[in-house]
1. When only Cα pairs under 8 Å and 6 or more residues apart are kept, what is the percent relative contact order across the stretch A:274-334?
2. If Lys and Arg each add +1 and Asp and Glu each add -1, what is the summed charge of the other residues whose beta carbon sits under 14 Å from the beta carbon of A:Leu311?
3. Between B:Phe584 and residues 5 or more places away or on another chain, which pairs have amide H atoms under 5 Å apart, with H built 1.01 Å from N, and which residues are they?
4. Quick one: net charge of B:Gln407's neighbours, Cβ under 11 Å, K/R +1, D/E -1?
5. For the Cα atoms of chain A, what angle does the longest principal axis make with the long axis of helix A:157-170, in degrees from 0 to 90, nearest 10?
6. Only Lys, Arg, Asp and Glu count, each charged at its Cβ (+1, +1, -1, -1), so figure out the dipole size of chain B about its Cα centre, rounded to 20 debye.
7. Taking +1 at the Cβ of each Lys and Arg and -1 at the Cβ of each Asp and Glu, which of B:Phe441, A:Pro338, B:Val136 sits farthest along the dipole of the protein assembly as shown towards its positive end, judged by Cα position relative to the Cα centre?
8. Can you work out ³J(HN,Hα) from phi for every residue in the stretch B:284-297, in order, using Karplus 6.51 cos²θ - 1.76 cosθ + 1.60 and θ = phi - 60°, giving whole Hz and x for Gly and Pro?
Amino acid sequence: MSLQLVQLTLPSPHEHASPIGTENQSFNAEYRIIETPVGPHIFIADQSRLYAIDNALSHSESELHRALGELIVLNEERAIGLAPIAVPPLHSLSLNVAQACNMACSYCYADEGRFGGKARLMSEEIAFRSIDRLLSEAAEGEPVVVGFMGGEPMLHRELVHAATRYAASHCGEREVRFSLTTNGTLLNACDVQLFHEFPFTVQISIDGDRESNDLARPMLGGGSSYDRIIESLKLFSIHGRPKQLSARVTVTPLTRDLPSVLRHVMSLGFDDVGFAPVVVSPNLSTSFSSRDFESFLADMIACGRIALDELKNGRPFPFTNFLTAIDEIHKGTHRPYPCGAGAAYLSVNAEGEVYACHRLIDDPAFAMGNVRTGLDQESRSKLLARMHVDRMEPCRGCWARYLCGGGCYHEVTRRGRLGCDYIRGWIEFCISAYAELSSSNQYTHFS
Amino acid sequence: MPANNSEANALKIFPRNLTARADHIVRGNPTNSRPESGVQNCFPGLELDLRNIEQVFLRGLVFEYHREDGAILSRVGSPIRSVTSEEITNRPLYLWAMYGRNKTDDDEPSLWGFRSQNGLDVWAKIHDLLPGRVAVLLGPAPGFSSPLDSGSAETLLRAAYDNGVLGGSDAIVELAVREESTSLIQYVVISQNRSDYLDQQGVLAPDLFPPGELTKSLCAPWVYDFRDCVCFYWASNKPDIVDSENGKQSFVNFLRKVSDRTESPPQDVTQYRGRRNLELSYENMVNGWWEKLPVVLNDRESTSFSVAPTPSLTEYLTRDQVIAELTYLATVEHALIVEYLYAVYSTLASRLPPAADADENTRTIFAATNEVFRVAVDEMRHFRWANEVLKILGAPPSVDRASTIGQPPTPESGRKLNLTRKYISRPFALKPLTRETQDWFIEVEAPSQVANQDLDGMYVAILESVNFQPDLFPERDRILPVIKLIIDEGHGHFNRFSSVKRSLSNLSESDYLRELSTNPPTPQQEKLLDLCDAYYHSIEEVIQITFSIGDRSGGLLLKAAVRTMESMHEASYLLASQGVLPMFRRPPTPPTSTHFSRQHSLSMLKARSATIQDSLQSLEAIGSEDEKQMANSQMARTAALYQQLQDIVNSSDDRP
């Protein structure tokens, strides 16, 4: 089969040292050649396109440049332009219902939920107003997501229940979904029934087996948080599961043997398991340095290989970091932002002040209005203009920028970009794995 | 083909993920257009008849599967030597048994006997054959009726298969056994590799399939499967149910198998099989009936069909005559709208659909009345389209009401007089929906494909004049679709009025018509009558303003006309419920065919708004509770509407 490439033809890479839009930009930032077990591939940043190429093509510089000239577009025809996106309608709003916690995790970015301030609980009035605000700001007829965060949201159980029912009864024809991030130590039967009755995604933080979890995640008053989580999981089997029950493993430089951790947590019966490295923490020994990322990458790839083998053999393996990446590569996801923070996603603190995301609660630089008086569209718009990945260094010179989006605002503003090599390495591994999976007969997810 | 399966020296690039795939235009047909991707869950299929692909699954042999008694060898040629084409001409050979590997059992070859199987069953087995060696047993009668017992047949087939495998992919093993005395074939065994129907480039081998070979048995009137297609399937030109040619029999099966299709009454058979037996068979269809089936026009069979001779150039209308004709026809549409509406208000039907538990008569009356109302709404659209065509032709709008429907042209009208033509020439009249009125509605909407016959024919004359004189009508491409639509919808109106008549035929007129008051209208009724007239005139004015301003109003003005129409409808029903029907009286100075200036439009709107508000206010003062309520809500609505109208007109410029 011959392919007619219909991108506009450009001078060879040697001839143009230049520009996307009007600014200098490296041609190298537009593609990446990736060797995979099923042959070499070219990844094109624009639209995150992935092509398998001949060995011969990858070894012929002139042919390669000709092909790249056809694949790469450096003008206004690119999918992502320099203009920031317009502020979209709100889709998701998280409520920090309890800015307090019953645990004392060594790495907690949120200062045990207080975000550096006093412990406090959200009032019912603020919660209801937040939901009203979400419903009024969302696009007509589109589904919305109400999130419950903290601190530990279940410290304010009554409000979680009340707000859920309030949202469900005030959404009219619109679909409303819920998400809850919890340490899983306080759940009771009523809570579990609530999560089963309404469309909830429940994410429980757990860091491995009993020993390693309890070391990293001690209870404030002593006792094993692991045991309590196991008790909570039993409740789900008795009273019904939520729509999605996820485990979030927080990884610190002290975490050992990620594949074992992954297998252990997966064995507990979660629908999926994902890892998140600690980048911002009041405790330096528990947050990643640039060097720590090297070994973290090796560990992640080890986990990824396990997932790849399982999937290639037609068995499920819900390792979130891997599956999400594979799915985005398959779809060719490309975006100039790392997440929806400040755009379609916002977060409300206990007093009703709105921030770009749950991690940026009480940070004046990311204040986005108030649920009572309205959202601050100008701040949202400015954030989107400021954080466009093509406007940031060193991001705009990176081939992986439209898959990465430029990094978590919370981490970048506090620690800079320590993990870029890790991110590129992980994406490169996942692209290779995707190439393998999509040419495997056993894995039919993409066909 | 993925790049990792690279061929020597070919520099390939293969889009791997979705965005890469979406970014390419690939030359050639998509994979789903390959023959083996054709529809296989119904026969003969959509793209091609898959049975025709397997006709040539063995070289030198052509099989035929479109039969009930199995698969026969219909042609034979090189490289087959054991059988000649003369031999099978009068004495066809049937495929009795086959030995080979198929998709479901691909390790070891299997044996299939085809005794008492139809052609499709045999084909299905062949279709599933894997590439490679196949041995077949053929004999001179349907099914397996050879002197061989089945064990010997299997042994023979195995031997032919195994010998063929040893001989290599091109080897052909043939054995023909004949009766000693007559030399007639008793059976034949042939073993070959299954032939590839695609060539090396993946396209159909042209030497195996001449053009038309794969599609020859598709659903088309000249092939047998026409029988199977029902309406809304792909043979959209085959009706299921028709009226007989003489009109005496309604709802008869188009494929009915009776010698006299006009006179023989249809049998009432509900079971599927029973009905099928009364229909023309596949054989009937193939053997000439496809040519004998009558043409169906307007649901009625017709054995004679003549195309009217194209009028000579001198018969075409000039540009001015087309404009004059349309100017007149728009006024006819106007007149018909009003006649239909009046008939609507004359029945006992409520404005809104009756409750679900309403009795059958109530539902019938509503349905029939609503049908008339819907035709009236269609006519409003025709009225608008006629004016749009006038606009395209640069002529002023025509919104007046014709005093005579089907009027012969007067010299001053500019219309062309055709002496051969029949003019209906019926004065405009408001009549309740009596049977006589129903007949009139049917008559006036009667279709005519012939230019210059009836009203419909006037549009046909315009259509032909525009169509065949492109030099006179540079706007031809914009005009033709609109005129065609008017003609086509007119045909629908004829049928719909006919069905109105049918459904009301079981009721007496007094069952479904309102009893009209014989007393002079009360003061309140006078006010309502005035209000209806004010709305009516308002609609005329708004439409004339619309076509004076043209597209620049962005459709808002027409929307305003529709809303005014709704108000008028509401008031008319209120009036009708008291036994008084709206009179649709002409304004003191009826509209003329001119462009309105902005200033004129504005003053007209102001005056009309005041008239309507006056009527509403007096109604509110002296009316019943219902009337007061309506007046109240319409006052606010009208005020807002007129404000909007004035804003639109104000923001337009004065160009005609």
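The values are calculated or read from the model by the stated rules, or taken from the named source; none is laboratory data. Keep in mind that what you see is a predicted model, and the values were worked out from it rather than measured. Positions of Cβ are backbone-derived with ideal geometry, glycine not excepted, and every protein chain shown enters the neighbour counts. Note: areas computed on protein heavy atoms with side chains; ligands, DNA, RNA excluded. Shrake-Rupley method; radii C 1.70, N 1.55, O 1.52, S 1.80 Å.
1. Once divided by the residue count of the stretch A:274-334, the mean separation gives 28 percent.
2. -2
3. none
4. Combined, the nearby Lys, Arg, Asp and Glu give +2.
5. For helix A:157-170, the angle is close to 70 degrees.
6. Using only the charged Cβ atoms, the result is roughly 840 debye.
7. A:Pro338
8. 3J(HN,Hα) across the stretch B:284-297, in whole Hz: 4, 5, 5, 8, x, 5, 4, 8, 8, 4, x, 5, 10, 10.
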